[in-house]
Amino acid sequence: MRHAVVPATNVENNSFAVTRLLKICTHCERLSKKDLGIRIPRPIGNGPSRFIPEKEILKVSKVDTRTQSIFEDAFAALGRLDNISLVMGFHPQYLESFLRTQHYLLQMDGPLSLHYRHYIGIMAAARHQCSYLVNLHVNDFLQVGGDPKWLKGLDEAPQKLQQLGELNKILAHRPWLLTKEHMERLLKAEEHSWSLAEVIHAVVLLTHYHSLASFTFGCGITPEIHCDGGHTFRPPSLSQYCVCDIANGNGHAFHDDYLGNQEMCGEVEVLMERMKQLQECRDDEEASQEEMATRFEREKTESMLVVTAEDEECVPSRDISRHFEDPSYGYKDFSRRGEHVPTFRVQDYSWEDHGFSLVNRLYPDVGQMLDEKFQMAYNLTYNTMATHKDVDTSMLRRAIWNYIHCMFGIRYDDYDYGEINQLLDRSFKIYIKTMVCCPEKTTKRMYESFWRQFQHSEKVHVNLLLMEARMQAELLYALRAITRYMT
């Protein structure tokens, strides 16, 4: 990275004025005089997340030896420890499974070449305008020998990758529209056709990075200091702090951590009481199949009417949109336009009975890794809710997972969808829908507005659930289309 050098005479003349303006400490003043002419980058954010205080994230790796060991292994394998991993470090069991799967998808033997894998990651992340992931994989793409020309835009990439644009678009925003014809166009192209194994690899990568973009926005992940958007050379204008305080994330007085918890007093207890009452109702009576189907359709329709965000449509920058086609294509509120999301019955096609075996057959070991990751996110529990211990949270975790699948039209015949409205309030539903369907619109206010009495580690757990449920939903539609093509 090249930076303009500041003439030493100018620095000396302005040294006293700058020191007074910024109240630079003696140590930093001594260093600045020693290194005249060097522009030192300063992180724009405080820590790995805009939503979670840095001290809480860093505390995890200090007290948990397993997390520290996972971080060391990740750094040894990649030569870096990204902010996504640092935030996932709240849940080391999951992080281990996530990193193992991602490493296999990107670096181990597989149908696709290494530079294709990273380029597909760029295409997928770009659909949600996730510059953090795009920049990460631009660098990786170049490191494994990718052609810089491809980075000028999708139309500069090989025809084979361009053909993937339609699948990327539909999977990211409206996966229920996928058909076997979409797969046929890839597999039976006259030129540059894909093999079945290559399509499976591409589908897993696309769904992985669509859902990871959701996690990135949902947890407010910030770029590392060495990445684009992660640093600035402008001095801070906060006169009561030294530059080193801000750069080291010690500007705690400026965190807006006060969430007005007083008005949310009893939120956890109310939720726990509802869980108890629902369990008692389950034991007392069971709804008919007709009633269960009605409740699903009602919840599916209502989920379409949940407003994702206050902001208007986000227009992607040219820097991001060049990596995909049809920027105007996105998630829409279908019910408002008279459209209908068809119902996908898990009893007819499920991950456990159908998708798992198909992936494992065409891309060995990956089905097993994905299954372990799904199970880890779904079953992960510490039997706590905020300050309460020995709590069975399975009902709540299932409601969150099934609500996401419901938004995608996926129905479990044995689940009572009436429970969702009892357990997930409106602010939580808005956050879930925004993060899953339009993650680029997620804001700090939305993150703070749900579960105000819960810990940040619990909110990160929610984000893991949302990410994995979304990935599995996309995979189900894609794998069903491939199965229909094969039969």
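The values are calculated or read from the model by the stated rules, or taken from the named source; none is laboratory data. The shown structure was predicted, so the numbers you read here are calculated from the model rather than taken from an experiment. Cβ sites come from the backbone with ideal geometry, for glycine too, and all protein chains shown count toward neighbours. Each accessible area value is taken on the protein alone, full model and side chains, heavy atoms only, with ligands, DNA and RNA left out. Shrake-Rupley method; radii C 1.70, N 1.55, O 1.52, S 1.80 Å.
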Would you be able to tell me the number of residues in region 389-414 that are of a type in the set (Phe, Trp, Tyr) and more than 23 Å from the chain's Cα centre (by Cα)? 1
Number of the condition not met by Arg361 [criteria: (1) modelled with pLDDT under 95; (2) more than 20 Å from Val436 (Cβ to Cβ); (3) of a type in the set (D, E, K, R)]: (1)
Among the listed residues Phe428, Phe374, Phe408, which satisfies the condition of being in contact with a Pro (Cβ under 7 Å, 6 or more places away or on another chain) and of a type in the set (Phe, Trp, Tyr)? Phe408
Considering Ala197, Ala213, which residue is small (Gly, Ala, Ser), part of a helix (DSSP H, G or I) and within 27 Å of Phe450 (Cα to Cα)? Ala213
Identify the residue in region 371-393 that is outside any loop (DSSP other than H, G, I, E, B) and among the polar types (S, T, N, Q) and, among all such residues, is farthest from His405 (Cα to Cα). Thr384
Filter result for Leu206 (more than 26 Å from the chain's Cα centre (by Cα) and either hydrophobic (A, V, I, L, M, F, W, C) or at pLDDT 60 or above (or both)): no
Restricted to region 146-176, and to residues that are open to solvent by 60 Å² or more (accessible area, probe 1.4 Å) and of a type in the set (D, E, K, R), which residue is nearest to Glu198 (Cα to Cα)? Glu166
Which condition from (1) within 17 Å of Thr301 (Cα to Cα); (2) buried (at least 17 other Cβ atoms within 10 Å of the Cβ) is the one that Thr393 breaks? (1)
What number goes with the only condition from (1) at pLDDT 95 or above; (2) within 25 Å of Glu299 (Cα to Cα) that Leu370 does not pass? (2)
Do you know which residues across region 183-205 are of a type outside the set (Gly, Ala, Ser) and either within 26 Å of Met369 (Cα to Cα) or buried (at least 22 other Cβ atoms within 10 Å of the Cβ) (or both)? Met183, Leu186, Leu187, Trp194, Leu196, Glu198, Val199, Ile200, His201, Val203, Val204, Leu205
Go through region 73-94 and count every residue that is open to solvent by 10 Å² or more (accessible area, probe 1.4 Å) and within 21 Å of Tyr382 (Cα to Cα). 4
Residues being open to solvent by 10 Å² or more (accessible area, probe 1.4 Å), out of contact with any Ser or Thr (no Cβ under 8 Å at 6 or more places or on another chain) and aliphatic (A, V, I, L, M) - total across region 355-379: 1
Do any residues in region 152-164 that are in contact (Cβ under 8 Å) with a residue 24 or more places away in the chain have Cβ atoms under 7 Å from those of residues that are aliphatic (A, V, I, L, M) and not in a helix (DSSP H, G or I), where the two are at least six apart or on different chains, and which pairs are they? Gln163/Ala189
With the first residue restricted to region 169-184 and required to be closer than 20 Å to Tyr209 by Cα and among the basic types (Lys, Arg), and the second required to be assigned to a helix (DSSP H, G or I) and at pLDDT below 95, Cβ contacts under 9 Å at 6 or more apart or on different chains are Arg174/Phe334
Among (1) surrounded by fewer than 18 Cβ atoms within 10 Å (Cβ to Cβ); (2) in contact with a helix residue (DSSP H, G or I) (Cβ under 6 Å, 6 or more places away or on another chain); (3) within 26 Å of Ala197 (Cβ to Cβ), where does Asp109 come up short? (2)
Residues located in region 425-476, provided they are surrounded by fewer than 20 Cβ atoms within 10 Å (Cβ to Cβ), among the aromatic types (Phe, Trp, Tyr) and in contact (Cβ under 8 Å) with a residue 60 or more places away in the chain: Phe454
